[in-house]
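Rule-based calculations on the coordinates, nothing more; no lab input. If you're wondering where the values come from, they're calculated on a predicted model, not measured in any experiment. Here the Cβ positions follow ideal geometry from the backbone for every residue, glycine too, while neighbour counts run over all protein chains shown.
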Amino acid sequence: MTATEIKTKTASWLDERLPLSAIREFLDHKTVPVHSATRWYYFGGITLFLFGVQIVTGLLLMLYYRPTVAESFDSVRFIMTRVQFGWLVRSIHSWSANLLIFVAFVHMFSVAFTHAYRRPRELTWLSGIALLGLMLAFGFSGYLLPWNQISYFATKVGTDVAASTPIVGEALARFLRGGDDVGSATLTRFFAFHVILLPMIAGGLVALHLLLVQTSGMSTPPWIPESRVRQMRFFPNFFLREVMVWYGALAVLGALAAIFPWELGEKADPFASAPKGIRPEWYFLATFYTLKLIPSHVWIFEGEIMGLLGFAVLAVGWALLPFWGVTRAGEARTRVVTGIGVALVSYLITFTILGYYK
Amino acid sequence: MLSWVVGGGALASIASFLYPVIRFMAPPQVTEAAVNEVAAGKVQDLKPNSGKIIKFGNKPALLVRVNQTDWKAFSAVCTHLNCTVQYRDTTQQIWCACHNGTYDMTGRVVSGPPPRGLEEFAVNVRGDDVVISKRT
Amino acid sequence: MKPFRVVLTFAAALFLAPVLLPGQQPVTDTCVACHSALVDDLQKPATLFKDDIHSSKGLSCADCHGGDRTKDDMSVAMDPAKGFLGKPKRTAIPQLCSRCHSDAKFMGKFRPQPRVDQFTLYKTSIHGKRLATGDENVATCIDCHSVHDIRAVKDPRATVYPLNVPHTCGQCHADSKHMAKYGIPTDQLDKYHTSVHWNALTKGNDLSAPTCASCHGNHGAKPPEVASVSAVCGTCHVSFAQNYDKSIHQPLFSEAPGGGGCVVCHTNHGIQMPSTAMLSGPKAVCTQCHDAASDGGKAAAEMAGWVDGLDAALKRSEGVLMSADKSGMEVSEAQLRLSDGRENLVKAKLAMHTFNPDEMHKPILAGMAIADETLKVGQAALREKNYRRWGLAVSSLLIAITLAAIWFLLRRMEAGGAGYRPASTHAPYR
């Protein structure tokens, strides 16, 4: 039998049993609008790709990582120094985590500015917001796992902020920490969150998000009339381009891992005083700095509670964008949303920078 | 031709990703990460009333076979100025050649300049193997 | 009625004193009870006494000063017929203390292994000899141990606790007016405070470091005899003393005026941390006797060069290993080996005290070999780090080639507009 014959025979055998032809039909017809904002379509894919990188590198790290206070730091050092290419896998995991969150934000804001949240894509937006929250939770829980000085104290600070939430604060902090202090119980449950609970939820939401994207197709920005837009075939044209972008991202990750390896730090010592200028990772800096700026009392309320309340209102408001960002007729309120979006981005960027330098 | 380059490039680059992954999954020579425990050789390797220096983490440790059945182990880093101590079978004490510090078999300083005793480690004989571990 | 009331009050005070006044012994001690109610110098001993070790052992004033501690009546309690001595003369103090402290049977009641030789030693000391001639200016028991609030030696508040000993000796020996008639220097305390031994005591938490008493003795205090200086230093610095005693300097330095042995190079009170600056350079000790061109001068220069050379080589290896370690390379084995190298440096400095370069050469060579070996390991680790960067470059190149190829493939595919659908009213979705 020739190679082609083998191929056709296998294909038809599978086709009888799996909906392969339906998938092929779908892919054949899937198109991507070509216009000035097309480049922003790549960002969802990059986010997905980086998430995949996290899963693969995370699985590999789990072969050697030990989630106990006595051994976690040493096991990470072991990975960095003894395991073949351990330095590469670990540094890629840490860098990719940060790039993933950054790209997720870019993806979200690009969707907001191209107004792709309009009907019928509200659920896609909501699931995406939930995913962003999950990515931040991944970052927070994963950060503690190497159990070095910075991660230990950053977690302490983070759970202390959680504790100041009104009403549920104390209970929430106890739930996160697994007790009254950040310790071995915290490490165990953060590990459980990071490798099974959050991935399960995120996996489900990603599947939903992707399904919704396929069924509703790619949205075109409101300022571009549909009739004037060329469509590019998804497969193979857009797909090949996307592969290029993903490959480029992989090259960037490799370079970062080799040239700026992620540091090991010093083993956490709960009895030492917190390192000077301790602060959370960059993606929490804006909120952290804002909380620092709020005076201890605003009118009759405690400053920190007002801050947290403010963030909660902001987050919920932004999540509900598909509902207030459109007119009754379903038209996007482009000026309002773009204005608020720009303000939000500027606030985040400015306060992140300020939080870094102060 | 171009498709060959694409295919070839794709395969080569995928190989360059898979190679580290596969090497990563193969366990390295030294399988223990944290040093709380170190294999110190076989029972037959050390005669009664003698000692030897072994590596414990990145510091030396002194393993002493006191007699046929009793073993002792200490940190071999002299508490005076960090020279490596040794076992003296003639006096059955631990001695530091640098400034003549002497310790007894409980790790306590007997004479000389060391300000503190030697940290003692636990020794377990598992069959033929001698294992030294930190006392918790 | 008035006098009766006074007496009544007084009696009541006496009766209640054991209960009311703090630090009273359950056994009647009328001395302390009565003196506590007095003022100034008569009250002071009673106030101090509760901190005294004698008090805690159940002894009282009468056990030293004589008299009867059970009687309230002053004239009975302080009756010379009952052995009351009042304030003893200074020259009688050591004898007084030794009444108990030289009595092995008596001291055995308080601890199983008492020392009872203090008075015998004291009599051999300069202080004891001068006191015997009637010189009241010298130290007696109470000048060092304090009086009425004597504490155990291991009590950090004791005047004879190791950290406090220099100050206690210095009370007389650093006072130029006090020492004027003896013609001995009074700068020892100041010099000692700059010394490496004082530093070890105060900053190094090393209570075994020497104080005045460690070298001069305490009860039998006197300057060590010239011939025994190296024996004194050699109590702790054993190997150095052994090497020195075998060396050519030993018989020569025994004749040195003002103290011989180790003191000739290291001085006595203000001993500094030794370094190769003592061997060569402007502050060198060797050049005080040896010409630079002489055998001795050349030996000194050679040995200084070796020590500095080995130190520099070890530091270099340490630096390379540290930078490899920081880049994530595994070099703990080599870092361990480096400590062997440091040990050889210590041995070399030890061997220097034979003043024979041949003796020093062995540890120097061994140390240099280790420095060399560890340097190679460190450099290999840094090379491995670079290898990784090259590996990255290779895979990046492969990726770039693939990307370029895909790009050209796409261009070719889409040359005729293939893969695009024109804008139309038929949108596949929505």
Across 5 Å bins from 0, what is the distribution of all Cα-Cα pair distances for region A:113-236, in whole percents? 2, 10, 15, 15, 13, 10, 9, 9, 7, 5, 4, 1, 0
Starting at 0 and stepping by 10 Å, how many percent of the alpha carbon pairs of region C:73-216 end up in each bin? 10, 31, 35, 18, 5, 1
Mind giving me the FRET efficiency for residue A:226 and residue B:17? R0 is 35 Å, r the Cβ-Cβ distance, nearest 0.05 is fine. 0.30
Treating each Cα of region A:1-122 as an identical point scatterer and ignoring solvent, apply the Debye formula and state log10 I(q)/I(0) at q = 0.12, 0.20 Å⁻¹. -0.79, -1.04
What does the helix-only formula give at 222 nm for chain C: each DSSP H stretch with n ≥ 4 adding -39500 (n - 2.57), the total divided by the residues, and the result rounded to the nearest 500 deg cm²/dmol? -17000 deg cm²/dmol
Size of charge dipole - the protein assembly as shown - debye, nearest 20, with Cβ of Lys, Arg +1 and Asp, Glu -1, no other charges: 2140 debye
Note to self: Kirkwood Rh of region C:295-380, Cα pairs, one decimal, Å, is 13.2 Å
Tell me, what HN-Hα J-couplings in whole Hz come from the Karplus equation 6.51 cos²θ - 1.76 cosθ + 1.60 at θ = phi - 60° for each residue of region A:188-203, using x for Gly and Pro? 4, 6, 5, 5, 4, 4, 5, 9, 10, 5, 5, x, 4, 5, 5, x
Would you look at the GNM of chain C, springs on alpha carbons closer than 10 Å, and say which of C:162, C:274, C:112 moves the most? C:112
Averaging sequence separations of C-alpha pairs under 8 Å and six or more residues apart, then dividing by the length of chain A, give the relative contact order as a whole percent. 26 percent
Check every DSSP H run in chain C and write down those whose alpha carbon atoms cover 18 angstrom or more along the long axis and whose mean Kyte-Doolittle hydropathy is 0.0 or greater. C:2-20, C:357-413
Cα pair count fraction exceeding 42 Å, expressed as % - chain C: 48 percent
Residues residue C:136 and residue C:37, FRET efficiency given R0 of 41 Å [Cβ-Cβ distance, rounded to 0.05]: 0.85
Here the Cα Rg-to-2.2 N^0.38 Å ratio for region B:37-133 is 1.01
Could you tell me what fraction of 2.2 N^0.38 Å the Cα radius of gyration of region A:273-330 comes to, as a two-decimal ratio? 1.57
The whole-number value in µm²/s of the Stokes-Einstein translational diffusion coefficient for the protein assembly as shown, with Rh from the Kirkwood sum over alpha carbon pairs at 4 °C and 1.567 mPa s, is 35 µm²/s
Over region B:76-129, what is the relative contact order in percent, taking alpha-carbon pairs closer than 8 angstrom and at least six residues apart? 26 percent
Residue C:56/residue B:129 FRET efficiency (R0 51 Å; Cβ-Cβ; nearest 0.05): 0.40
Here the tail fraction of P(r) beyond 20 Å, over all Cα-Cα pairs of region A:63-175, rounds in percent to 58 percent
Would you calculate the separation in nanometres between label points at residue A:296 and residue C:291, each defined as 7 Å from the Cα along the Cα-to-beta-carbon direction? 7.9 nm
Need the full-extension length gain, residue C:407 to residue C:107, defined as separation in residues times 0.36 nm minus the C-alpha distance. One decimal, nm. 97.9 nm
If each DSSP helix of 4+ residues adds -39,500 (n - 2.57) and the sum is divided by the residues in chain B, what number results at 222 nm, nearest 500 deg cm²/dmol? -6000 deg cm²/dmol
Given points 7 Å out from each Cα along the Cα-Cβ axis, report the residue C:123 to residue A:263 separation in nanometres with one decimal. 7.0 nm
Highest-fluctuation residue, A:115, A:35, A:107 considered, GNM on chain A with Cα pairs under 10 Å: A:35
If you wrap region C:229-272's Cα atoms in a convex hull and average its projection over all directions, what's the area in nm²? 3.0 nm²
Taking a spot 7 Å from the Cα of residue C:190 along the direction of its beta carbon, which residues of region C:266-281 have an amide N less than 13 Å from it? C:270
Can you tell me the 0 to 90 degree angle between the C-alpha axis of helix B:2-25 and the longest principal axis of chain B, rounded to 10? 20 degrees
Which percent of Cα pairs goes in each bin when the distances of region A:240-279 are cut into 5 angstrom slices starting at zero? 5, 17, 13, 13, 10, 11, 10, 9, 6, 3, 1
Mean shadow area of region C:50-119, taken as a quarter of the surface of its Cα convex hull (nm²): 5.6 nm²
Would you mind ranking A:337, A:342 by Cβ crowding within 10 Å, fewest neighbours first? A:342, A:337
Taking neighbour counts of Cβ atoms within 10 Å as a proxy for exposure, in what order, fewest first, do C:203, C:123 appear? C:203, C:123
Name the most mobile residue of A:284, A:102, A:239, meaning the one with the largest mean-square fluctuation, in a Gaussian network model of chain A with Cα contacts below 10 Å. A:239
Give me the tail of P(r) for chain A as a percent: Cα-Cα pairs with distance above 36 Å. 31 percent
What are the ³J(HN,Hα) values, in whole Hz, obtained from phi via the Karplus relation 6.51 cos²θ - 1.76 cosθ + 1.60 with θ = phi - 60°, for each residue of region A:145-153 in sequence order, with x given for Gly and Pro? 4, x, 6, 9, 3, 5, 5, 4, 6
Listing A:340, C:184 from the residue with the fewest other Cβ atoms within 10 Å to the one with the most, what is the order? C:184, A:340
Scan around residue B:56 for amide H atoms under 5 Å from its own, H built in the peptide plane at 1.01 Å from N, and keep only partners 5 or more places away or cross-chain. B:61
Kirkwood-based Rg to Rh ratio, region C:129-175, C-alpha trace: 1.02
